[in-house]
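First comes the structure, then the notes that go with it.
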Amino acid sequence: MNAREALARLEGLRNTRGKEAADAKKACLAILARRPAGTARAVERLHEALCFLRAYPDDAEVLARVAAMLTGFARRPDLRRHRRALRDSGIAGTAIRFPFFAGTARWLAARWPDRLTMDWKTFTNRAALERVLPLVSLPAEAPGLDELDLGARGWVKRLKGPSETDAAFLIRRLAVLGRDRFEQEWAYEGLELPLVLAPGPDGPARTHAASPVSAVHFQTAPFASGRPDVRRDVARPPKSVVVASPAEGRNLLDLARESMVTRQRDLDVFQWGDPDGVRLVHFEDGLSFVVIGAVTERRLLLESVYGFLTLKNGVPISYVLVSALFGSSEIAYNVFETFRGGESGRIYGKVLSTARHLFGSDVFTIFPYQLGGYGNPEALASGAWWFYQKLGFRPRAPRVVALMNEELDRMKADPAYRSSVATLKILASENLYFHLGKERDDAIGVLELPNVGLAVTDMLARRFGSDREKAEATLTLEARDLLGLRSLSGWSAGERLTFRRWAPLVAILPEVARWTGAEKRGLAAVIRAKGGRHESDFVRLFDAHRPLRRAIARRAAPPKPESA
């Protein structure tokens, strides 16, 4: 075989297992290790085949050959020859361009400041940057900034230190604007700085992204075909849940960020992840989830949001975003392109099992974007809506239920029938739900939680008008007195911050005054858990506090449809 034939053969054996298949893969790898792949596309295909085999190796010899090839991938002559064409691929030895969020930009500037630069050719907000520069400079520099027109790029070059890159300078200086990180983030992201991360030996790359594992699971049998049994999978708890040490938590959080950066993506809960609260959820067959929650200041008022990084034999293969409350979880499941197919369906069952185990959820819902709604053509093209429908998820909106039944009748009459894109857009316009028990209305997606925020706004406007600072101080004292708390001196900084944030919410719940002392103490414990180490503890306490749960649900209930 030549290199082209060996690569095609290796890809064709992707899901084939057994000794004969393993031997054939080794033969292909031996050829591809010493012969150039040819085109840039062929280099990328080889890289993805190696990453897949690292996550799903046939045996120890296959894994050793794959690991050796990935270790030296950046030194391959064909990679170097096609480095420019492979830019933004996340492959070791190639550059990455993306307007990263503020938190991720700071992380990059802290880790690789000498490799991070601005892509001035594509930067379109130069005038806005010029208006900001005086705010990040000293008053003594004002005469030059006010009178001389050096342009945004010229001024950044003049202002930065001799050993600083333009991007590192801007990220560091913009971090001083505003009173807190929220205002700093607003200032930074409003400029949409296009960053370029140059390659380097220790930089982020999908080629090397992996977490050490104590034992490797070898894929000796073909992937199970057919759809998973969601109810059965949810009922099976993980093998173990381990709280990572702070050092391990930082490494795993870095791996999650690296997995996004190298795919030109960003995720809030990863960029603002709390390294002290990272957990590892282990299943059989080398499957684990790195469970990452946000630092206290970045948590939502009500739902708890977690990011899961899925690892197979330590290799990142997907990520999950989970919002949990009211005994329910909204799941956004994203498999990295290299690893689609295979056991994606089986892993999804483990995602739901993890949400069930951590949050006690018995209702699972999927937001329309995951299904193809709100401008997600990729999900429409993949038929995501029908994937979840066949797993047992169902719509609640009457018009979508009626359309689903019409489509099912058409499929029954003609097995070759497929829903049109126009039909899929309608189907994907509403949430899908999976109920382990009886269908209920107090779940994420059914409840309209923004209504709770509107009720708070109406109260604040009525009582305090523009003086929101007075509102926070006054309502914190009122809430403390109402709950019988003499002080918050024994609370952590995160717990006190959460109490201040929740005080206006407590103020719109007049029924709290009629609660028993135990119920009031329970509410204080709920609030305190929201600012604690594991936000999942808050979900459990909130859902167990029946009076609080009912009070919030009443204010979040959707309006009843008008009778005809």
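Of the set (1) in a loop (DSSP other than H, G, I, E, B); (2) farther than 24 Å from S304 by Cβ, all apply to L485 but (2). Condition test on G345, is it within 24 Å of A235 (Cα to Cα), touching a residue at least 60 places away in the same chain (Cβ under 8 Å) and open to solvent by 10 Å² or more (accessible area, probe 1.4 Å)? For G345, the condition - within 24 Å of A235 (Cα to Cα), touching a residue at least 60 places away in the same chain (Cβ under 8 Å) and open to solvent by 10 Å² or more (accessible area, probe 1.4 Å) - is met. Of the residues examined, T71 is one that is more than 27 Å from the chain's Cα centre (by Cα), open to solvent by 10 Å² or more (accessible area, probe 1.4 Å) and within 21 Å of V261 (Cα to Cα). Within the stretch 21-40, residues that are at positive phi and at pLDDT below 95 have Cβ atoms under 8 Å from residues that are assigned to a helix (DSSP H, G or I) and among the hydrophobic types (A, V, I, L, M, F, W, C) in these pairs: G38/A3, counting only partners at least 6 apart in sequence or on another chain.
For the stretch 114-136, a residue qualifies if it is open to solvent by 40 Å² or more (accessible area, probe 1.4 Å), in a helix (DSSP H, G or I) and out of contact with any Leu (no Cβ under 7 Å at 6 or more places or on another chain), and the qualifying residues are D114, K121, T122, R126, A127, E130, R131.
Quick grid of which residues meet (1) part of a helix (DSSP H, G or I); (2) surrounded by 12 or more Cβ atoms within 10 Å (Cβ to Cβ):
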| residue | (1), (2) |
| --- | --- |
| L403 | yes, yes |
| D409 | yes, no |
| R418 | no, yes |
| I426 | yes, yes |
| S429 | no, yes |
| Y433 | no, yes |
| D441 | no, no |
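Restricting attention to the stretch 53-62, which residues are touching a helix residue (DSSP H, G or I) at 6+ places or on another chain (Cβ under 7 Å), part of a helix (DSSP H, G or I) and open to solvent by 30 Å² or more (accessible area, probe 1.4 Å)? Once the filter is applied, which keeps residues that are touching a helix residue (DSSP H, G or I) at 6+ places or on another chain (Cβ under 7 Å), part of a helix (DSSP H, G or I) and open to solvent by 30 Å² or more (accessible area, probe 1.4 Å), the stretch 53-62 yields R54, E61.
Note on the stretch 74-95: residues that are surrounded by fewer than 22 Cβ atoms within 10 Å (Cβ to Cβ) and in contact with a helix residue (DSSP H, G or I) (Cβ under 6 Å, 6 or more places away or on another chain) total 4. If you go through the stretch 471-484 and keep only what is among the hydrophobic types (A, V, I, L, M, F, W, C) and surrounded by 18 or more Cβ atoms within 10 Å (Cβ to Cβ), you end up with A471, L475, A479, L482, L483.
Here is a yes/no grid of residues against (1) open to solvent by 30 Å² or more (accessible area, probe 1.4 Å); (2) in contact with a His (Cβ under 9 Å, 6 or more places away or on another chain); (3) more than 20 Å from D266 (Cα to Cα):
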{"position": "R172", "(1), (2), (3)": "yes, no, no"}
{"position": "A187", "(1), (2), (3)": "no, no, no"}
{"position": "P199", "(1), (2), (3)": "yes, no, no"}
{"position": "A205", "(1), (2), (3)": "no, no, no"}
{"position": "S214", "(1), (2), (3)": "yes, no, yes"}
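Could you run through the stretch 16-52 and say how many residues are more than 20 Å from R84 (Cα to Cα) and open to solvent by 70 Å² or more (accessible area, probe 1.4 Å)? Before the answer, list the steps.
Applying the first criterion (more than 20 Å from R84 (Cα to Cα)) to the stretch 16-52 yields 16-35, 49-52.
Now narrow it down to the ones that are open to solvent by 70 Å² or more (accessible area, probe 1.4 Å): 19-20, 34-35.
Residues meeting the conditions: 4.
Where strands (runs of 3 or more DSSP E) sit wholly within the stretch 300-366, those with at least 3 residues that are among the hydroxyl-bearing types (S, T, Y) occupy 304-312, 315-325, 328-335. Select from the stretch 358-367 the residues that are touching a helix residue (DSSP H, G or I) at 6+ places or on another chain (Cβ under 9 Å) and surrounded by fewer than 21 Cβ atoms within 10 Å (Cβ to Cβ) and list them in ascending order. The answer is G360, D362.
Kindly establish whether S323 is over 21 Å from R227 (Cα atoms) and more than 18 Å from the chain's Cα centre (by Cα). No.
The values are calculated or read from the model by the stated rules, or taken from the named source; none is laboratory data. None of the values given here were measured: they were computed from a predicted structure. Here the Cβ is made from the backbone with ideal geometry for all residues, glycine too, and neighbour counts use every protein chain on show. Ligands, DNA and RNA are stripped out before the accessible areas are found, and what is left, the full protein with its side chains, is counted by its heavy atoms. Shrake-Rupley method; radii C 1.70, N 1.55, O 1.52, S 1.80 Å.
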